[in-house]
1. Kindly indicate the residue of region 122-151 that is in a helix (DSSP H, G or I) and not hydrophobic (A, V, I, L, M, F, W, C) and also farthest from Ile110 (Cα to Cα) among those meeting that condition.
2. Check Arg87, Arg126 and return the single one that is within 15 Å of Tyr210 (Cβ to Cβ) and either assigned by TED's automatic domain parsing to the domain that holds Lys208 or touching a residue at least 40 places away in the same chain (Cβ under 8 Å) (or both).
3. Scan region 288-328 for residues that are of a type outside the set (Asp, Glu), within 23 Å of Gly90 (Cα to Cα) and touching a strand residue (DSSP E or B) at 6+ places or on another chain (Cβ under 7 Å) and jot them down.
4. Condition first: farther than 28 Å from Ala100 by Cα and touching a strand residue (DSSP E or B) at 6+ places or on another chain (Cβ under 9 Å). Can you find one or more residues in region 216-234 that meet it?
5. So which residues in region 126-167 are of a type in the set (D, E, K, R) and closer than 28 Å to Arg217 by Cα, if there are any at all?
6. Which members of region 190-237 meet the condition of being within 14 Å of ligand 1 (Cβ to nearest atom), buried (at least 19 other Cβ atoms within 10 Å of the Cβ), assigned by TED's automatic domain parsing to the domain that holds Ala143 and not basic (Lys, Arg)?
7. Any idea which residue in region 148-177 is nearest to ligand 1 (Cβ to nearest atom), counting only those that are among the basic types (Lys, Arg) and over 22 Å from Gly98 (Cα atoms)?
8. In region 93-129, which residue that is surrounded by fewer than 24 Cβ atoms within 10 Å (Cβ to Cβ) and among the polar types (S, T, N, Q) is nearest to ligand 2 (Cβ to nearest atom)?
Amino acid sequence: MSSVTAPTTPRSPQRPPVRSASVVTPVFNEEDNIETLASRVFAAVGQLPGVALQLIFVNDGSSDRSAERLNALAAENPAVTVLHLSRNFGHQNAVSAGIAYATGDVVCLIDADLQDPPELLPDMIRRIDAGYDIVYGMRIARAGESRIKLVTARAFYRLIRALSNVDIPADTGDFRVMRRHVAHVLCQMPEKHRFVRGMVAWTGFASKPYPYKREARHSGHTKYPMIKMVRFALNAIFSFSTVPLRVSNVLGLALTGGSVLGIAYIVALDLFFGRYIPGVSATLLAVLLLGGVQLVSIGILGEYVGRIFEQVKDRPLYVIADVRGAPAAAPPHLSSSVTTRTPVTAGAHTAPPPSEP
Ligand code: UDP
Ligand code: MG
């Protein structure tokens, strides 16, 4: 449906220069990565002349010592904000929470495990200044990943590009820099099943790929075992494509056509040649095949109905149990509850995030 090369839309109209950057990092059991990530982000983005830095960590229900380490970091560094979610809400919801709290002219998304080098962020921000709304990391090499992960990830990006009519660039993760108005649009998108990199592509703003080599994890292990990866991929496909719904139509039509031909053939054999085909096993196979196709079709339908159900319930994407560090980072619609140190804040993204200064 779409080509595999990354889209490069024309440059955006003249925008004001970047004066502040919010770096958003989801954290799920990353205790040994936090300080290194913070110091590398400070050394890279913090040194950009004329650019104020805000570093937002979203603790997505970690059960190791990540929370303590993040709190210590926030206590000693006024540029750090920590959002503690009340439990694990998942990577994409954690990222969405951080985006809603970001106040910078640009919002940078980076994983906590240092697979995406923070040292690239200044150059990516410079490209934003050169006239793009989104600069997204495109992996040209990936160190330290298992062969199965590389093969499945490659297949996934090609599949989602083939199935979706949104031009989702291949081989990109969430590592990216985007202007504030892009983040604003993301906050306006009320969908519960979030595939952030696809949603960013959907906004249609001028974007530029930034090829880079993805490094091995600094510490810890992946939070995406095979089963979670499959769920992530299915979620992306069902959220960004209705092609699976049409598969049952196509199968149904093909089977009906085939059956009509088969029946005509059997009847013709009987009428004109007096030959009878004994068909117990053939009938059984046909019934089993049809039963299977019907169950799969109902299952696919169920995936979409389940999503409609989740969407209609309209529960918040995440619940914030505590905010540490700079309270100024709270979006206006949540600000009343984050002035205390132990707010319970529900991020539903129904109200706009902070307006442009
Ligand atoms: N993560 C999260 N919540 C989760 C799973 C992951 O916040 O439920 C974070 C994780 O701490 C990391 C990022 O999302 O910062 C990406 O996860 P990971 O590095 O495990 O994914 P991979 O790079 O292996 O695909
Ligand atoms: Mg990783």
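1. Filtering region 122-151 for residues in a helix (DSSP H, G or I) gives 122-129, 147-151.
The next check asks that each one be not hydrophobic (A, V, I, L, M, F, W, C); those that pass are 122-123, 126-127, 129, 147, 149.
Values: Pro122: 13, Asp123: 14, Arg126: 17, Arg127: 17, Asp129: 19, Arg147: 23, Lys149: 20 Å.
Selected residue: Arg147.
2. Arg126
3. Result: Pro316, Leu317, Tyr318, Val319, Ile320, Ala321, Val323, Arg324, Gly325.
4. yes
5. Across region 126-167, the qualifying residues are Arg126, Arg127, Arg139, Arg142, Glu145, Arg147, Lys149, Arg154, Arg158, Arg161.
6. Once the filter is applied, which keeps residues that are within 14 Å of ligand 1 (Cβ to nearest atom), buried (at least 19 other Cβ atoms within 10 Å of the Cβ), assigned by TED's automatic domain parsing to the domain that holds Ala143 and not basic (Lys, Arg), region 190-237 yields Phe195, Val196.
7. Lys149
8. So the residue we want is Gln115.
The values are calculated or read from the model by the stated rules, or taken from the named source; none is laboratory data. The model shown is predicted, which means the values in this text are computed figures rather than measured ones. Methodologically, a virtual Cβ is constructed for each residue, glycine included, from the backbone with ideal geometry; neighbour enumeration extends over all protein chains shown.
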